[in-house]
Amino acid sequence: MSNIPQVMGILNVTPDSFSDGGKFVHLATAMRHARQMVNAGAQWIDIGGESSRPGALTISEQIELDRILPVVEKIRAELPVQISVDTSKASVMRESIKLNADMINDIMALRGEHCLETVAASSTIRLCLMHLQGEPRTMQENPHYDNVVQEVKDFLLARVQTCLDAGIAAERLVIDPGFGFGKTLHHNLLLMKYLSEFAALPYPVLIGVSRKSMIGKILDKPVHKRLHGGLALAVFAVNHGAQLIRTHDVAATVEALKVVNAIYAA
């Protein structure tokens with residue numbers, strides 16, 4: 001992955017995601033949005049077929065396959081962009097790899113049944129390992145840590161080691177502290193404050209904070225009015241070593257990071 005921070009556009013083909021649920025459930029609208037994000041400068045498109053918002057319920061493998069695979073196939077055929085598939089199901093991982101996806105972005109860090117062996121069978125697919133305390137339906141009920149930064153870092157390093165032990169090359173791995181996944185606002189702020197501790201590890205760091213509740217709690221803003229807070233977090237994250245910013249707001253994030261990159265390049 002490039003040392004220059006990259007932007008990953010979010011494409012949720014779900015009816016119930018917290019910010020854009022229902023907007024891109026049809027292939028035509030999904031592709032229209034993907035093209036807009038690529039034209040705005042996204043280097044990655046992250047396709048999700050199952051909501052992971054707090055309280056979300058699981059869906060069947062077949063429903064997720066039916067939502068994701070046509071979009072992966074069409075984007076691969078038509079757009080010059082790297083494809084990430086946001087899933088925790090081995091069958092979705094397997095079929096996405098067959099369609100030449102570039103990365104699996106797993107909020108469960110490959111702890112699901114058969115997930116590790118599925119991705120290990122590929123020699124090229126990149127893997128984003130995210131920290132999650134609990135599971136999406138109940139993760140925000142009572143998250144607790146004695147030392148959130150150390151515990152999240154220890155978890156991610158343990159999952160990295162599991163991947164290495166399975167024969168997965170280190171250069172295929174990306175880590176994500178999992179902002180908002182089993183964390184209070186205070187936990188999220190501490191993880192961002194000490195993000196450089198994650199960036200010091202020999203793995204690219206992905207950050208996903210776009211429109212999340214931590215911004216809403218700080219600014220007292222609803223989901224559709226969190227752009228400015230999200231840009232502040234994106235710039236802060238890049239300044240502290242993040243290499244991949246996952247966002248709903250591609251054009252604004254690309255412009256903000258272009259300015260940051262220009263400063264570093266001067």
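None of the figures in this text is laboratory data; all of them are computed from the coordinates on show. Here the structure is a predicted model, which means the values were calculated and not measured. Every residue, glycine among them, receives a Cβ derived from its backbone with ideal geometry; neighbour counts consider all protein chains shown.
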Taking GluC sites (Glu not before Pro) as exposed when in a DSSP loop with at most 11 other Cβ atoms inside 10 Å, the chain has its longest clean stretch at 142-266
Relative contact order of the chain (C-alpha contacts under 8 Å, at least 6 apart) in percent is 19
Of the candidates Ala266, Val238, Asn12, the farthest towards the positive dipole end of the chain (Lys/Arg Cβ +1, Asp/Glu Cβ -1, centred on the Cα centre) is Ala266
Expected sort for Lys193, Lys212 with the fewest Cβ neighbours (10 Å cutoff) up front is Lys193, Lys212
With +1 on the Cβ of every Lys and Arg and -1 on the Cβ of every Asp and Glu, the dipole magnitude of the chain about its Cα centre, in debye rounded to the nearest 20, is 740
Which of (i) 15.0; (ii) 14.3; (iii) 12.9 gives mean projected area of the Cα convex hull in nm² as computed here? It is (iii)
Between the alpha carbon centres of the range 44-73 and the range 158-189 the gap in Å comes to 20
Here the net charge surrounding Thr162, from other residues whose Cβ is less than 12 Å away from its Cβ (Lys, Arg +1; Asp, Glu -1), is 0
To the nearest 20 debye, the range 47-171 has a Cα-centred charge dipole, built from +1 on Lys and Arg Cβ and -1 on Asp and Glu Cβ, of 220
